[in-house]
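Visitor: Provided herewith is a single structure, encoded as structure tokens, for subsequent inquiry.
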Amino acid sequence: MSHMPIRLLTVLIVLGTVVLSGEDSSPKEDLGFVVFRDNCIACHLQTGMGIREMNAPSIAGLPRWYVSDQLRKFRRDQRGFHEEDESGILMQANAIVLDEKSIAFVGRYIENLAPNDQRNTLDIQISKTAKTLYLNNCANCHGDDAEGKRT
């Protein structure tokens, strides 16, 4: 009889250990969504379509490689460093806190958002001068028709 309290204590310790080490049965939030929610929604909206007035572009449906590459450029001070680029400076501040895992997951999340079908359409006719400027200064990275290029 004197061993009964020790046995009970042993059982309680074992059960407590099993409960504490057991798997959490609650569903886990998608890390890509969590990163997007915590770092991107304020400017790019839940749909990823962006707020034009903030110069926050539509990112919905962009390829994961492109999103990841751009976030890394913001982190490495290759984008958003010009003092007059307020939206770029804000992007740097948001990107700097992301680790590689977060970048990969948010890239996948953004890639799976419904794409903006209007992204590559223009509201105005592009002048010959503007097209020449684009081809000379932008097309190397963005492609001749602004389709984006993986480098």
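The values are calculated or read from the model by the stated rules, or taken from the named source; none is laboratory data. Quick caveat: nothing in here was measured; it's all calculated off a predicted structure. Heads up, the Cβs are rebuilt from the backbone with ideal geometry, glycines too, and the neighbour counts pull from every protein chain shown. Each accessible area value is taken on the protein alone, full model and side chains, heavy atoms only, with ligands, DNA and RNA left out. Shrake-Rupley method; radii C 1.70, N 1.55, O 1.52, S 1.80 Å.
Visitor: Take the Cβ-Cβ distance between Y66 and T132 as r, set R0 to 30 Å, and report the resulting FRET efficiency rounded to the nearest 0.05.
Guide: Calculated value: 0.75.
Visitor: For N55, project a label point 7 Å along Cα to C-beta. Then give me every residue of segment 62-97 with its amide nitrogen under 11 Å of that point.
Guide: Those under the cut-off are 80-91.
Visitor: Can I ask one more? What order, most packed first, do the peptides 58-70, 88-100 have when packing is the mean number of other Cβ atoms within 10 Å of each residue?
Guide: Listed from highest to lowest mean packing, they are 58-70, 88-100.
Visitor: By the scheme Lys and Arg +1, Asp and Glu -1, what is the net charge of all other residues having a beta-carbon under 14 Å from that of C138?
Guide: Taking every Cβ under 14 Å from that of C138, the sum is 0.
Visitor: Hey, another quick one. Describe numerically, in nm with one decimal, the distance between label points set 7 Å from Cα along Cα→Cβ at E86 and at K101.
Guide: About 3.6 nm separates the two model spin labels.
Visitor: How much length is gained if the chain between A42 and K28 is pulled fully straight, taking 0.36 nm per residue apart and subtracting their Cα-Cα distance, in nm to one decimal?
Guide: Stretched out fully, the A42 to K28 stretch lengthens by 2.8 nm.
Visitor: A follow-up question, please. Checking a compactness column here: for segment 43-142, what do you get for Rg(Cα) / (2.2 N^0.38 Å), N being the number of residues?
Guide: 1.15
Visitor: Using the structure shown, select from K73/K131; K73/K149; K73/K101 the pairs with a Cα to Cα distance greater than 19 angstrom.
Guide: K73/K131
Visitor: Also: Per residue, how much accessible area does segment 26-91 show when a 1.4 Å probe rolls over the protein heavy atoms, in square angstrom?
Guide: 63 Å²
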